Every structure is written in C-alpha cells, then in structure tokens.
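Taking it in order: structure first as structure tokens, then the write-up.
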Amino acid sequence: MDYENKDTGKDKILIIDDVEVNRFILEEIVSNMGCCPVLAESGKQALDKIKQSIPQLILTDISMPEMDGYELCRILKSKEETKNIPIVFISAFDNPQDIVEGLFLGGEDYITKPFIPEVVQARVGVHLRLHDAKQKLMEMNRRLQVSVNEQLKQMEQEKKNILSALANIAIRNLDYKEEYLERLKRNCRTLALAMQLSPVFEDKVSDTFIDAIELAAPLCDIGNFGIPKEILQKKTEFTKEEIELIHNHTNIGADFLKELYVNNDYNDFVSTAIDIVQYHHENWNGSGYPKGLSKEDIPLGAQIVSLMERYCTLTDSKKCSREDALEKMETEAGVKFNPEIYKICSKILRQLC
C-alpha cells in the first residue's frame, strides 16, 4: 500500500539502527513513500543529525550499544525543540512490557521486525499525518492567541482612554485645567524614579511600578464624578454632610474601578490605581480619610500621589514658586506625608514641572 500523501516529499524521517541491513530496508520503504530518509547508526549520531535538521518522524531501534532507543527517547522528549517529534520504536522484541515502556516514555507507536513494507508505510503515513495536523493546530492556536492578545490590549487601552476622559471631567469639576493631570502624571513618575535610586525604597519601586504610577496617578480624583459639581466648586464653608459626601469620592472611585475590572486580571496598573484612588487622602499621622491609615499602612503609590498632588495644587497656574511650595510642604512632612519621600522630593525639585 502506497503512502497517500505524495506531496510530502519534504518530510524527513530519521531512521536509527545499528544494523546496516535494517537501515537500508527502512530507507527503501520510506523512499517509496515519497519521503526523505536520513540514516543514523547510533543514538549519538542521531542527536547530531537532529541538531542539523529537525525530522518530521523518527524510527528508532531499541537495542543499540552505548545509547538504546529508550534513552534516546528520554533525551528528545526532555527538550523543548524536540519533544513534539513523533517517535516510533522498531525492534525484534514483541514483549508487551517492552511496548508499554516505549509508549510510557512518549513513543507514539511500535513496529516489530521483520518489517512488512505495507505495515511500515501505513504506520508511518498515519503518524506523519497526525504530526502535520498537530503542527497546523499549534500554529492556529498561536495565531489565535496573538489575535486575542491584541484584542485584549486594545480593550485595555480603550478602558484607559475612558478612565482618562472621566478623570478630566472630575478635574474640571474641581475647577482645575487639564494640564494639571499631565503635570501630576509626569511629576509622580519623576519622583518614583528618584525613589528607585534610594536605599530606602529601591526594593519597593520596580520599573513596572513606576509605569503603573504614571498611568494611575491622573485617576486619583476620578470619584469626583459622583459628587455634585455645585458642591465641589462651592466657595463658602462646607456643611458636615457636604464634607462627608466629598470625602466619599475616594470610595466611589475605588468601587468604580473594581467593578470596571471585575472580570480582568488584577495587573499592576489596576491594583495600583485602586490603591491611589482610595487612599491618596490618607495622612502619614493617621488623620486622613477614608480609613485613617497611617505610615506604612498607606500604599506606597498613594503616598507618592498625595505628596505630588499637594505640590501640583500649590504651583498650579503659578500660584507660588516651586521653592515656596516645598517650604510649605516641609511643615507637613511627617504629618501629611512620608518624611523620607519628602526628602527625596526636595532633592529633585529642579526636575519637577
């Protein structure tokens, strides 16, 4: 019986047997199938030939000196680049235990000697077709994964665009300009970069964390979209109820982000954004809101944004100089802000915008 796929001339079949006559018999059978036989007389020689070119199928004898077929199979199945090559054992042994051991090691089939050409062709043909189908399926899965990943990235970017738009609305409700968010974002990144060089924070501030801070900082007051504009822009003194309502913007924003990403993996950006939104009004001495956290209990991202938000507010529209802003903030270090972060901020003042 001839091998049906005549267009498989490029299929390489590695034949391994220490007996010359067996190699030649299998070579002729494989050649008649329209495939390309590659011969090796030992396991070591087979490994060398595989390094030169990966075959589509391996026919290997079991009983060989130095390295038997089982050991060769173990080696090939342990390597990423060769583990998917189908292996068919060939041997004069027909003990069921030998067959089971070969299959247990990852072999796909077992052909006994003496060879019957039709049987060899049928077995080889089946495994070539299975291998080809598996490779095509793996490639389809790879392309599908690439497509899915691209779509997920696009969805994530769209979500970030929506959040950015909401953050801009929230800022306008506070009567700030959109440039304020850009300054806040850039300054938070600059401060985080400087903290990464400090022995106090170097093990806490990774490159991924810095990127997350830059993206998440502008969302800090996103919860203000749930607060009436007339209250946010009120010029007279707030009532107790109004203060409580304004303070609740931290919870409104955090809950919104949690719901928005309920079915999404909590990556660094999302978790950092939630921490910032909920806790950027906490104070170092525990006098802040919404939970009265203090010192290291306040997430680091929220500590950074708290300090930079104060700086950007003081210097917004040139209300005061950078030096004057830093001088006012010095009295708040250890009260509102982490004093170690304030020290770093004071050293990089000229780098802030």
Checklist entry - Which Cα, out of T82, G292, V200, lies furthest along the positive dipole direction of the chain (beta carbon charges, K/R +1, D/E -1)? => result G292
Checklist entry - Taking R0 as 45 Å, what's the FRET efficiency between M140 and E118 from their Cβ-Cβ distance, rounded to 0.05? => result 0.85
Next on the checklist: For the pair E27/S53, report the inter-label distance in nm, with labels modelled 7 Å from Cα in the Cβ direction.
Outcome noted: 1.4
Checklist outcome for this item: Given 142-152, 221-231, 201-211, the highest-first ranking by average Cβ count within 10 Å works out to 221-231, 201-211, 142-152
Checklist entry - Hey, if you drop one equal point scatterer on each alpha-carbon of segment 20-142 and run the Debye formula without solvent, what base-10 log of I(q)/I(0) do you get at q = 0.10, 0.18, 0.22 Å⁻¹? => result -0.29, -1.00, -1.55
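Label segment 222-353 by shape, choosing from rounded, prolate and oblate, from the square roots a ≥ b ≥ c of the eigenvalues of the Cα gyration tensor; if a/c is under 1.5 it is rounded, and otherwise prolate applies when a/b is larger than b/c, oblate when it is not. Don't jump to the answer; show the numbers that get you there.
Working: a/c = 1.71, a/b = 1.23, b/c = 1.38.
Oblate, since a/c reaches 1.5 and b/c is not below a/b.
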Checklist outcome for this item: Non-local residues with an amide H under 5 Å from the amide H of I90, with H modelled 1.01 Å from N and Pro and chain starts lacking one, are T60, D61, I62, I111
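Based on Cβ point charges of +1 for Lys and Arg and -1 for Asp and Glu, what charge dipole magnitude is obtained for segment 102-143 about its Cα centre, in debye rounded to the nearest 20?
Values: 7 positive and 5 negative charges, 40 e Å.
Its charge dipole is roughly 200 debye.
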Checklist entry - Name the residues of segment 32-73 whose amide N is less than 16 Å from a point 7 angstrom out from the Cα of V126 along the C-beta direction? => result 58-59
Next on the checklist: Between E182, E327, E28, where does the largest GNM mean-square fluctuation fall for the chain, given springs only between Cα atoms within less than 10 Å?
Outcome noted: E28
Checklist entry - Amide H neighbours of F337 under 5 Å, counting only residues 5+ apart in sequence or on other chains, H built in-plane at 1.01 Å? => result W284
Item to check | Separation in nanometres of the label points that stand 7 Å from Cα toward Cβ, at E330 and N149 | outcome: 5.1
Checklist entry - At what distance in nm do the modelled label points of K10 and K318 sit from each other, each positioned 7 Å from its Cα along Cα→Cβ? => result 6.9
Checklist entry - Going toward the positive end of the dipole of the chain, with +1 on Lys and Arg Cβ and -1 on Asp and Glu Cβ, which of V305, I231, F24 do you reach last? => result I231
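Grab the Cα-Cα distance for E244 and E71, subtract it from 0.36 nm times how many residues apart they are, and report the gain in nm with one decimal.
Values: separation 173, 0.36 × 173 = 62.28 nm, distance 7.30 nm.
Full-extension gain reported as 55.0 nm.
Values quoted throughout were computed directly from the atomic coordinates according to the rules given, and no laboratory measurement underlies them. None of these values were measured; they are calculated from a predicted model. Glycine also receives a Cβ, built like all others from the backbone with ideal geometry; neighbour counts cover every protein chain displayed.
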